[in-house]
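The values are calculated or read from the model by the stated rules, or taken from the named source; none is laboratory data. All values reported here derive from a predicted model rather than from experimental measurement. FYI the Cβ positions are ideal-geometry reconstructions off the backbone, even for glycines, and counts take in every protein chain you see.
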Amino acid sequence: MADISKRLDKAEKYLQRGKPDAALEEYLGILEEEPKNDQVRQTAADLCLALGRGGEAASLLSYLFDDEVAEGDVARGTGCPLPRRQRLVARRIVGTTE
């Protein structure tokens, strides 16, 4: 866990220095060690979107969605409609305009 904390600190410093690519690599490294860390996964997905890496963001977010559905978290996974902003972001990721 101490290693994770150091990597989180390092990622934050990269962001403060305007190095989002390096920060993303730290977050992805953390996910290799802790694949169930949803907060880091969400942050990595947000960075992917900001960097124009929509495919990677979609992959990261689909893992969260699949995990929520598998755990039976219907309200978060399927039963509750996404807020308008999240629907628009999801559509941008997959390239639809519906």
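The set of residues in segment 1-32 being at pLDDT 95 or above and among the hydroxyl-bearing types (Ser, Thr, Tyr) consists of Tyr14, Tyr27. Would you check if there is a residue in segment 46-55 being at pLDDT 60 or above and either in contact with a Phe, Trp or Tyr (Cβ under 9 Å, 6 or more places away or on another chain) or within 20 Å of Asp3 (Cα to Cα) (or both)? Yes, the conditions are met somewhere in segment 46-55.
I need the full set of residues from segment 42-64 which are touching an Asp or Glu at 6+ places or on another chain (Cβ under 7 Å) and in a loop (DSSP other than H, G, I, E, B), in order please. Hit for segment 42-64 is Leu51, nothing else.
A count restricted to segment 10-41 and to residues that are assigned to a helix (DSSP H, G or I) and either of a type in the set (A, V, I, L, M) or in contact with a helix residue (DSSP H, G or I) (Cβ under 7 Å, 6 or more places away or on another chain) (or both) stands at 18.
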